Amino acid sequence: MRKKPKIGIAGGLLTANEEILAGAFRTYVNHNYVRALEKAGAVPVLLPVLADPDDLPAQLEGLDGLLVPGGADIDPVFYGEQPRPRLGATCPASDRCTLALIADADAAGLPILGICRGAQAINVAFGGTLYQDQESEIPGCLKHVQQSARQQPSHAVTLAKGSFLARIFGAAAQVNSFHHQSVKQLAPGFAVTARADDGVVEGIERCGAQKNFVCGVQFHPEMMAEADCVPMQTLFDRFVSLCAGEGGH
Ligand code: MN
């Protein structure tokens, strides 16, 4: 049996609200990411937010890949913008850590998969910008914060031919949607490989098969995989295969 790849999941910070701990931070990750990676044959490892970015390379030692999950809005200071009226709450300490973690994982040659905030963080880490609130900034914007159950698809995406995502989903797919932000200016060296009908970026991939794999999706495959949606679980399966060093992307 092959050795299972060990994949780090960038942890988030959650504020406790029990009386005795009120205001205390907790490190967390939604468990459906853990489940999807385990089902794909990986050993997931939770990576807490660290105060000192110099420690991140050590945190990544021994890992075969990095998953950057969903979370809060990224502070626009990290892409050189002032806050617009509908920006949500941000946590710059967490952002600083996530962005440095992505850069360090890339320098270490690890495959990286970003989901929702993770996809946005990849775009920012590699030099792109975000819509702070796409509904007020993109004319004709569709409903991207669905009120239906999390595992239920709500809008279509079109996949770019020949891309990693198109090899999983085909030319089009139905995805769930829980985001009010998305990629504005794409990071250099990346391609948009999934897009909604209103033009909103739903997937990005780093160009060039010679470089380590870096991909972000704006939808939540870990939620749809919970409901046994086969292509959504396949996305994790393929990512884990790349982390195991099996095949190109
Ligand atoms: Mn969407």
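The values are calculated or read from the model by the stated rules, or taken from the named source; none is laboratory data. Note that the coordinates shown come from a computational prediction; the quantities given were computed from them, not determined experimentally. Reconstructed Cβ throughout: ideal geometry from the backbone, glycine too, with neighbour counts over all protein chains shown. For the accessible areas, the whole protein counts, side chains as well, though only heavy atoms, and no ligand, DNA or RNA atoms are used. Shrake-Rupley method; radii C 1.70, N 1.55, O 1.52, S 1.80 Å.
Listed by first and then second residue, the pairs linking a residue in the range 1-29 that is on the phi > 0 side of the Ramachandran plot to a residue that is in a loop (DSSP other than H, G, I, E, B) and polar (S, T, N, Q), with Cβ atoms under 9 Å apart and 6 or more places separating them unless they lie on different chains, are G23/N17. Would you say L87 is hydrophobic (A, V, I, L, M, F, W, C) and open to solvent by less than 10 Å² (accessible area, probe 1.4 Å)? Considered against the rule, which asks whether it is hydrophobic (A, V, I, L, M, F, W, C) and open to solvent by less than 10 Å² (accessible area, probe 1.4 Å), L87 comes out as no.
Within the span defined as the range 226-235, every residue fails to be touching a helix residue (DSSP H, G or I) at 6+ places or on another chain (Cβ under 7 Å), assigned to a strand (DSSP E or B) and not basic (K, R).
Yes/no matrix, rows are residues, columns are (1) more than 20 Å from Q185 (Cβ to Cβ); (2) of a type outside the set (V, I, T):
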site	(1), (2)
P57	yes, yes
G62	yes, yes
G70	yes, yes
V77	no, no
P83	no, yes
A93	yes, yes
C97	yes, yes
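The listed residues are A173, A160, and the only one of them that is surrounded by 18 or more Cβ atoms within 10 Å (Cβ to Cβ) and among the small types (G, A, S) turns out to be A173.
There is at least one residue in the range 87-108 that is under 26 Å from P5 (Cα atoms) and of a type in the set (V, I, T).
In the range 104-126, the condition of being under 18 Å from the mean Cα position of the chain (by Cα), in contact (Cβ under 8 Å) with a residue 12 or more places away in the chain and at positive phi is met by at least one residue. For the range 132-151, the set of residues classified as within 19 Å of the chain's Cα centre (by Cα) and surrounded by 14 or more Cβ atoms within 10 Å (Cβ to Cβ) consists of Q132, D133, Q134, H144, Q146, R150, Q151, listed by residue number.
The conditions of being free of Cβ contacts under 8 Å to residues at least 40 places away in the same chain and aromatic (F, W, Y) are not met by Y79. The residues of the range 202-225 that are in a helix (DSSP H, G or I) and away from the ligand (no atom under 13 Å from the Cβ), listed by number, are E222, A225. Applying the condition of being within 15 Å of the chain's Cα centre (by Cα) and more than 19 Å from E222 (Cβ to Cβ) to the range 194-208 and asking which residue is surrounded by the most Cβ atoms within 10 Å (Cβ to Cβ) yields V201.
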